[in-house]
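*Asks:* One structure, as C-alpha cells, below. Some questions next.
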Amino acid sequence: MKPLPGFLASECGTSETDTKNLSEPEARFHVLPVPLESSVSYGAGTAQGPAAILAASQQLEVWDGFSCPLEEGIHTLPAVDCSGRVEEVLPRIEEAVHRVLGAGRLPVLLGGEHTVTLGALRALAAHLQEPLGLVQIDAHADLRESYEGSIYSHACVMRRALDDLDIHIFQFGVRALSLAEVELRQKEPRISFLDAARFAYQGWPDQLLPPDFPEKVYITFDVDGLDPSIIRSTGTPVPGGPGWYDCLQLVERAISGRRVLGFDVVELAPQAADHASSFAAAQLVYSLMGLVQRNEPQRKI
C-alpha cells in the first residue's frame, strides 16, 4: 500500500515559509488519519476520507486568508488500524490521541465515520479530569441511544459523549432529527443548539453558548453540517445547511476566550468525479487550524 502523504507536505521546505518542523514531534498540530467505516447507514466510503483529505491538502495554499497555520508545524501520524469490531478500534483511537495529548500537542483527527470522535473524547476525558465542552457542526444530532443494533453507531456518538462522559454539547446546523432526539434536546440541560432553520431565519443570537459552558473545548465537524452545495460527497447530504463562512464564524465565536484541545473533520465519503468535496474538506481542516492558531498562541496542553 502506498504511504499516505503528510498533510500539506507539498509545502515543506519551500522558500515561501519556514516549515522545517513539519514532520517533527514539536509541531503544534498532529494529524491522525482514522479510516473507520463500520456503521454508515446510507452512502458509503468514509474509510477513504482521510486519504482523500491528505491527497487534496497537497494543493492547498499556506495562507488561509488570515494567517499561516503551517508556521506552527503540522505532523502527520500513521493511520489508526481500523480493522475489526468498532469496540476494538475505539481503544486504538483513544491510545493514539492520548499519546498526542501526553506530548502537549493538539490532535487533529481525519475521519472516517463520526464514531471516531468518541475515541478522542475518551482520551480527553481521561487526560483532563475536568469539564469538557463539545462544539458540534452537523446536519444530524447523533443522539440516538442505539441505531441498527449498535450503541456505537455514528448516529449515537453524541449520546455516548453525553451519557458515558458527561460532556456538555453545543450543536450547530442540525436539520435532521428523530422524535426521540427532539425530546431529549428539549429536556437535557447539557445540550444547547442553534439549528440550521433557526439560524437561517433569525441569525446569530445575542449569547451563543450557555454561561456555564466549559472553558476547554473539542470541535467535531461532520462535513454534512455544511450545505451539500459545498461538500456533496458525504453519506447523507441534507439540504438547507449553513454556508462555509457561517460555520467558520460559528467556530470562531464559540472558541473565543476558550482553549481548543483538539478537533476532527469526519464523514467525507470521497467520489472520483467530485474532487471539489475532498479539496473543500482539506481546506476546512486547514481553516480550523487557522482559527485555533489565531484564538490562542501555541502552548502545551
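The values are calculated or read from the model by the stated rules, or taken from the named source; none is laboratory data. Model, not experiment: these values are computed from the prediction. Here the Cβ is made from the backbone with ideal geometry for all residues, glycine too, and neighbour counts use every protein chain on show. Surface areas here come from the heavy atoms of the whole protein model, side chains and all, with no ligands, DNA or RNA. Shrake-Rupley method; radii C 1.70, N 1.55, O 1.52, S 1.80 Å.
*Asks:* Sort through GLU87, GLU113, GLU130 and tell me the only one that's acidic (Asp, Glu), touching a residue at least 60 places away in the same chain (Cβ under 8 Å) and crowded, with 24+ Cβ neighbours inside 10 Å.
*Replies:* Answer to the selection: GLU113.
*Asks:* With small (Gly, Ala, Ser), farther than 20 Å from ALA281 by Cβ, at pLDDT 95 or above and not in a strand (DSSP E or B) as the only criterion, which of ALA120, ALA96 stands out?
*Replies:* ALA96
*Asks:* Identify the single condition in (1) open to solvent by 40 Å² or more (accessible area, probe 1.4 Å); (2) closer than 15 Å to VAL266 by Cβ; (3) not hydroxyl-bearing (Ser, Thr, Tyr) that ARG92 does not satisfy, given that it satisfies every other one.
*Replies:* Here ARG92 clears every test but (2).
*Asks:* Next up: What pairs come up if the first residue lies in region 238-252 and is at negative phi and modelled with pLDDT of 95 or more, the second is exposed (fewer than 14 other Cβ atoms within 10 Å of the Cβ) and part of a loop (DSSP other than H, G, I, E, B), and their beta carbons are under 9 Å apart, counting only those six or more places apart or on different chains?
*Replies:* PRO239/SER229; GLY241/SER229; GLY243/SER229; GLN249/TRP204; LEU250/TRP204
*Asks:* Follow-up. Of the residues LEU291, LEU209, LEU261, which is closer than 28 Å to ARG105 by Cα, part of a strand (DSSP E or B) and at pLDDT 95 or above?
*Replies:* Sole residue among the options that is closer than 28 Å to ARG105 by Cα, part of a strand (DSSP E or B) and at pLDDT 95 or above: LEU261.
*Asks:* Looking at ALA52 and the list (1) outside any helix (DSSP H, G or I); (2) among the small types (Gly, Ala, Ser); (3) under 15 Å from LEU109 (Cα atoms), which single condition is not satisfied?
*Replies:* Among (1) outside any helix (DSSP H, G or I); (2) among the small types (Gly, Ala, Ser); (3) under 15 Å from LEU109 (Cα atoms), the lone unmet condition for ALA52 is (1).
*Asks:* Residues that are closer than 15 Å to ALA281 by Cα and of a type outside the set (Val, Ile, Thr): does region 187-195 have at least one?
*Replies:* First pass over region 187-195, keeping only residues closer than 15 Å to ALA281 by Cα: none.
No, region 187-195 contains no residue that is closer than 15 Å to ALA281 by Cα and of a type outside the set (Val, Ile, Thr).
*Asks:* Just the residues that are touching a helix residue (DSSP H, G or I) at 6+ places or on another chain (Cβ under 6 Å) and touching a residue at least 60 places away in the same chain (Cβ under 8 Å), please, taken from region 158-206.
*Replies:* Correct list: PHE172, GLY173, ARG175.
*Asks:* Just to be sure I understand, how many residues within region 201-226 are of a type outside the set (Ser, Thr, Tyr) and surrounded by fewer than 22 Cβ atoms within 10 Å (Cβ to Cβ)?
*Replies:* Here is the first cut: in region 201-226, the ones of a type outside the set (Ser, Thr, Tyr) are 202-217, 219, 221-226.
Now drop any that are not surrounded by fewer than 22 Cβ atoms within 10 Å (Cβ to Cβ), which leaves 202-216.
Within region 201-226, residues that are of a type outside the set (Ser, Thr, Tyr) and surrounded by fewer than 22 Cβ atoms within 10 Å (Cβ to Cβ) number 15.
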